[in-house]
Amino acid sequence: MQELKPQLVNLKNGLRFVYLHAPNQVAHLGVTVLAGSRFEQADEVGLAHFLEHCIFKGTHKRKTYHILSRLDAVGGELNAYTAKEEICVYAAFSKEYTARAADLLADIVINSNFPLKEIEKEKEIVLDEINSYLDSPGDKIFDEFEYLLFEGNPLGTNILGTPESVQSFSTDQLNSYLARFFTVDKMVLSFVGDVPLNRIVKLLDQAFEGVPLQGEQVQIKPVTNTPKFHVRSKEANYQSHAVIGGLAPGYKHEHRRGMTLLNNMLGGPALNSRLILSIREKYGYAYNVESSYTPYFDTGFWSVYVGTDQKNLDKSIRLIERELKTLCTKKMGSLQLERAKVQLKGHLALGMDSNSGLMLGLGKSLLLFDQIDTVQEIYEGIDNLTAEELLEIANIYFDPTAASALIYEMD
């Protein structure tokens with residue numbers, strides 16, 4: 001595929017910026033901040049996500065309506081998300097409104113003032129979001145699995161927080177979190193669109209010149225002592241759910257690419273993944289079956305999920321364990337390995353087909369790695385994987401006898 005050529009620039013105040021030219025009418029701009037939920041203090045559980053909601057509720061020069069209408073009025077979109085390690089505020093817009101988008105995003109991340117009346121209203125919205133999640137076993141099981149896997153570590157806390165924590169949040173806490181993390185040293189900007197680099201740099205220099213240079217030093221609590229668990233509970237109404245998994249390598253670990261390929265083979269998005277072919281196609285036990293691999297700075301986790309009828313639950317789990325054992329005991333042949341590599345590279349290419357996804361991915365890569373790998377470098381890393389290396393990685397992480405499990409049975 002055609003090589004992407006992102007360019008890295010430091011703005012006048014030191015803010016890191018990644019730019020990718022794309023000849024489209026629609027442009028995308030994002031602000032990604034090292035401020036996710038794992039950096040919250042004990043009395044702040046859910047505060048990062050709550051801030052993401054409240055950051056649209058008013059600044060020193062705009063009220064809520066003016067923030068929400070600024071891009072929507074010209075057909076654009078304003079959005080945000082919170083993850084365990086980052087918060088991202090981003091926008092999509094017609095390229096002639098790039099200056100408008102830059103000014104709005106800068107105002108939001110620099111000048112939010114969190115009006116008390118708006119905060120109280122937003123608490124009700126987040127509480128409703130928590131209730132919606134609690135009402136969905138298929139969603140709840142993933143968060144509870146991560147809580148059990150990382151118990152005692154901030155990585156295990158629910159991003160949404162609890163009803164009690166959300167009710168307790170104050171304007172002072174939001175201002176404190178913004179001051180500690182929304183600073184030059186923890187923030188990157190990313191842009192994908194058809195605006196010349198020199199013009200977008202000039203706009204961003206002007207819009208983001210007020211970002212504080214430095215805040216609180218990020219403290220990462222290491223993950224230690226993660227004993228295996230096997231928990232069954234009556235939580236489901238119409239379908240039983242199971243998650244099986246364990247720890248996995250972090251972003252910068254040498255096993256990361258191999259783990260990505262193995263996960264893709266096991267239960268990635270393809271209809272010919274091992275779990276789909278076995279549990280869904282051969283036996284017809286479940287419609288929903290998938291695996292995932294989530295890396296963080298210093299660690300990560302892998303998981304396999306299945307949602308099925310109660311009578312097929314244990315049979316599905318045995319098939320999952322069988323596929324895990326196969327990866328640990330049978331070295332891939334050369335043709336099988338080559339097909340797996342081609343498939344993974346194809347999936348990565350599909351992911352690069354979305355300019356919005358590219359903008360978010362470039363921002364996250366710059367934030368976490370302080371660099372952007374070229375497509376060629378990524379593909380070469382995949383091509384260099386060997387069958388012996390993948391077998392070793394599978395035995396380290398996928399041993400079914402060492403895996404943990406959380407199961408929601410039908411009540």
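What follows draws every value from the coordinates through simple rules; no lab data is involved. These numbers come from a predicted model, not from an experiment. Positions of Cβ are backbone-derived with ideal geometry, glycine not excepted, and every protein chain shown enters the neighbour counts.
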Mind checking which aspartates and glutamates have their C-alpha under 18 Å from K63, skipping anything on the same chain fewer than 8 residues away? E52, D72, E77, D103, D107, E118, E120, E122
Calculated from DSSP H runs of 4 or more alone, at -39500 (n - 2.57) each and per residue, what is the 222 nm mean residue ellipticity of the chain, nearest 500? -13500 deg cm²/dmol
What aspartates and glutamates could a cross-link reach from K282, if we take a straight Cα to Cα line under 19 Å and drop same-chain neighbours fewer than 8 places away? E290, D309, D314, E321, E323
Within straight-line cross-link reach of K252, lysines at Cα separation under 16 Å, skipping those fewer than 8 residues along the same chain: K364
Relative to the compact globular guide of 2.2 N^0.38 Å, what is the alpha carbon radius of gyration of segment 107-248, as a ratio? 1.40
With +1 on the Cβ of every Lys and Arg and -1 on the Cβ of every Asp and Glu, the dipole magnitude of segment 200-329 about its Cα centre, in debye rounded to the nearest 20, is 620
Mind pulling the angle between the C-alpha long axis of helix 387-397 and the longest principal axis of the chain? Nearest 10 degrees, somewhere in 0 to 90. 80
Cα convex hull of segment 7-207, projected area averaged across orientations, nm²: 11.9
Greater than 24 Å apart at Cα, pairs in K61/K121; K234/K315; K5/K202; K123/K228; K61/K117: K123/K228
proj_area_mean for segment 230-410 (convex hull on C-alpha atoms), units nm², value 11.0
Label-point separation, H60 to E392 (7 Å along Cα→Cβ), nm: 5.6
The residues V231, V33, sorted from fewest to most surrounding Cβ atoms within 10 Å, come out as V231, V33
Quick one, which of (i) 22.4, 63; (ii) 22.9, 73; (iii) 22.5, 83 is the actual Rg and Dmax of the Cα atoms in Å calculated for this model? (i)
About its Cα centre, the chain carries a charge dipole, from +1 on Lys and Arg Cβ atoms and -1 on Asp and Glu Cβ atoms, whose size in debye to the nearest 20 is 660
Pulled fully out, how much extra length does the chain show between D139 and Q41, if you take 0.36 nm times their separation in residues and subtract their Cα-Cα distance? 32.8 nm
Segment 230-410 - charge dipole about Cα centre, Lys and Arg +1 at Cβ, Asp and Glu -1, debye rounded to 20: 640
